[in-house]
Amino acid sequence: MRQARDVIREECEVLKMTDKQIKEIMCRLHNDLKKGLSRADHDKATVKCWITYIQDLPNGKERGKFLALDLGGTNFRVLIINLGENHFDMQSKIYAIPKHIMTGTGIALFDHIAECLANFMKEHGVYEERLALGFTFSFPLKQLGLTKGVLQRWTKGFSCSGVVGEDVVQGLKDAIARRGDVQIDICAILNDTTGTLMSCAWKNHNCKIGLIVGTGSNACYVEKTANCELFDGEPDKEELLINTEWGAFGDDGSLDFVRTEFDREVDVTSINPGKQIQEKMISGMYLGELVRLALVKFTRMGLLFGGQGSDLLFEGGSFYTKYVSEIESDKPGDFTSCMEVLEELGLSHASDADMAAVRYVCECVSRRAAHLVSAGIATLLNKMNEPRVTVGIDGSVYRFHPHFHTLMCEKIAQLVRPGLQFDLMLSEDGSGRGAALVAAVACREAEQGS
């Protein structure tokens, strides 16, 4: 009779990608990036490679007071940033977005944001001032200019009506105008990936890739303007920031050869079936659920918890991604955090062997996520072919998972072309500070141009 442990390990083999599979993924992603950049194939491309219209990175000479608005999930933040000589002061406040607003009308969403903006300006004594604002909007966006962006689709649980296909900057401007009490110039719209890159580039001029591994996953990078066939701006600058929207990689089936029954289940029960396939294998919104589905299968097979689950274990969404980070933070052989998590889930009857198996499942799911992200970053590094590039990274999975950084460093090193060097840099508040920096660079450019 084989031991439960061995059967579980065998069952988890599907969560491991071979080097050959990873190389194939890189090849497919590279082709998809080229399609996204090309005029002929862009409309059919799954990885859209949207033009951001950002051609200038921070040079450290940006000065002044700027607002930033960061909307990318169930909360949003308003920030005020004062940039000085080699320093900046930053104050921010988090505001909740009630569920009924996330699924209500676009007008209600933007009115809520504008009200919070006005309250924030009052609290910080700048209610009477006219300030520039950088708007981080972390949903798939087709940019038509630095201050014009059309929402392609909602993700992450939002479904506000009347916004898809519309310019979100105009939506916010209209809401501010309806109030009539504050003066705000929206200087730029960007996503959190771009903000992460900008925030890191302020400190490190080698930073040319921005990556998010959080609730969602996405990357942006500096591309040669000559390769961006859809760019219709000033051709006098050699480089341009591209927002890949790589969460949608695999939407055409190109990742099916490494997807598992757990991935298919997560997709089918999600709010956006068939969409954001790579993101569903990587990001914090789904990792915990992937683990839960595997644990449910093994419990029903009689391999875990003596075949006795719990109501919570069998309930979708009950195994949070933060549990994965907590469980893997225990030292080998120590199950303190694992025991706490399982008790919360009503599984206090778990044995040490059960806890070791739970940890193993967590490790398989998070390692696969780290390897997929690494394959993506290595593809970008190889495409850019620059001797040394810093990758600015943000997001809860990268920030809080105990081994994600190490897993990525090891895997990218194996996958990049010999001679190319890279650094992974944790971003300090990309979506907030980065947004203010985009606004500041836009103002700097406007002043130089005038």
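The values are calculated or read from the model by the stated rules, or taken from the named source; none is laboratory data. Bear in mind that the values here come from a model prediction, so they are computed numbers and not experimental data. Don't worry about glycine lacking a Cβ; one is built from the backbone with ideal geometry, like all the others, and counts go over all protein chains shown. We work out accessible area using only protein heavy atoms, side chains counted, and drop any ligands, DNA or RNA first. Shrake-Rupley method; radii C 1.70, N 1.55, O 1.52, S 1.80 Å.
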Self-check item: Options Gly250, Gly233; residue that is assigned to a loop (DSSP other than H, G, I, E, B), open to solvent by less than 10 Å² (accessible area, probe 1.4 Å) and over 18 Å from Phe422 (Cα atoms)
Solution: Gly250
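When the range 67-98 is examined, which residues are found to be β-branched (Val, Ile, Thr) and open to solvent by 40 Å² or more (accessible area, probe 1.4 Å)? Even if it seems obvious, please write down each step before you answer.
Within the range 67-98, the subset β-branched (Val, Ile, Thr) is 74, 78, 80-81, 94, 97.
Thr74, Ile94 - these are the residues of the range 67-98 that are β-branched (Val, Ile, Thr) and open to solvent by 40 Å² or more (accessible area, probe 1.4 Å).
Can you pull out every residue in the range 124-145 that is open to solvent by 50 Å² or more (accessible area, probe 1.4 Å) and either without any contact (Cβ under 8 Å) to a residue 40 or more places away in the chain or not acidic (Asp, Glu) (or both)?
Taking the range 124-145 and keeping what is open to solvent by 50 Å² or more (accessible area, probe 1.4 Å), we get 124-125, 127-130, 142, 144.
Matches in the range 124-145: His124, Gly125, Tyr127, Glu128, Arg130, Lys142, Leu144.
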Quiz item: From the residues in the range 152-167 that are free of Cβ contacts under 8 Å to residues at least 24 places away in the same chain and touching a strand residue (DSSP E or B) at 6+ places or on another chain (Cβ under 6 Å), which one is farthest from Ile81 (Cα to Cα)?
Solution: Val164
Self-check item: Single unsatisfied condition, Gly306 versus (1) assigned to a helix (DSSP H, G or I); (2) open to solvent by 10 Å² or more (accessible area, probe 1.4 Å); (3) without any contact (Cβ under 8 Å) to a residue 40 or more places away in the chain
Solution: (3)
Exercise. Select from the range 183-204 the residues that are under 14 Å from Leu241 (Cα atoms) and open to solvent by 20 Å² or more (accessible area, probe 1.4 Å) and list them in ascending order.
Key: Asp192
Self-check item: Spans of helices (runs of 4 or more DSSP H) in the range 356-450 with at least 2 residues farther than 26 Å from Val324 by Cα
Solution: 435-449
Quiz item: If you take the residues of the range 310-325 that are free of Cβ contacts under 8 Å to residues at least 40 places away in the same chain and surrounded by fewer than 19 Cβ atoms within 10 Å (Cβ to Cβ), which of them is nearest to Phe400 (Cα to Cα)?
Solution: Tyr320
Quiz item: Applying the selection to the range 168-182, what residues are in contact (Cβ under 8 Å) with a residue 40 or more places away in the chain and open to solvent by 10 Å² or more (accessible area, probe 1.4 Å)?
Solution: Gly171, Asp174, Ile176, Arg178, Arg179, Asp181, Val182
Exercise. Determine which single condition Arg2 fails, assuming it passes every other condition in (1) outside any loop (DSSP other than H, G, I, E, B); (2) of a type outside the set (Asp, Glu); (3) open to solvent by 20 Å² or more (accessible area, probe 1.4 Å); (4) more than 30 Å from Leu415 (Cα to Cα).
Key: (1)
Self-check item: Every residue from the range 106-123 that is surrounded by fewer than 17 Cβ atoms within 10 Å (Cβ to Cβ), out of contact with any helix residue (DSSP H, G or I) (no Cβ under 9 Å at 6 or more places or on another chain) and either under 19 Å from Gly434 (Cα atoms) or not charged (D, E, K, R) (or both)
Solution: Asn119
Quiz prompt | Scope the range 388-447; condition under 15 Å from Ser199 (Cα atoms) and among the hydroxyl-bearing types (Ser, Thr, Tyr); matching residues | solution = Thr390, Ser427, Ser431
Exercise. May I ask you to list the residues in the range 11-66 that are free of Cβ contacts under 8 Å to residues at least 24 places away in the same chain and open to solvent by less than 50 Å² (accessible area, probe 1.4 Å)?
Key: Ala45
Self-check item: Qualifying positions in the range 261-281 - under 18 Å from the mean Cα position of the chain (by Cα), free of Cβ contacts under 8 Å to residues at least 24 places away in the same chain and not in a helix (DSSP H, G or I)
Solution: Ser270
Practice problem: Among the residues of the range 9-23, write down those that are within 13 Å of Ala369 (Cα to Cα) and not in a helix (DSSP H, G or I). | Solution: Lys16, Met17
Practice problem: Output the residues belonging to the range 326-336 that are open to solvent by 20 Å² or more (accessible area, probe 1.4 Å) and within 22 Å of the chain's Cα centre (by Cα). | Solution: Glu326
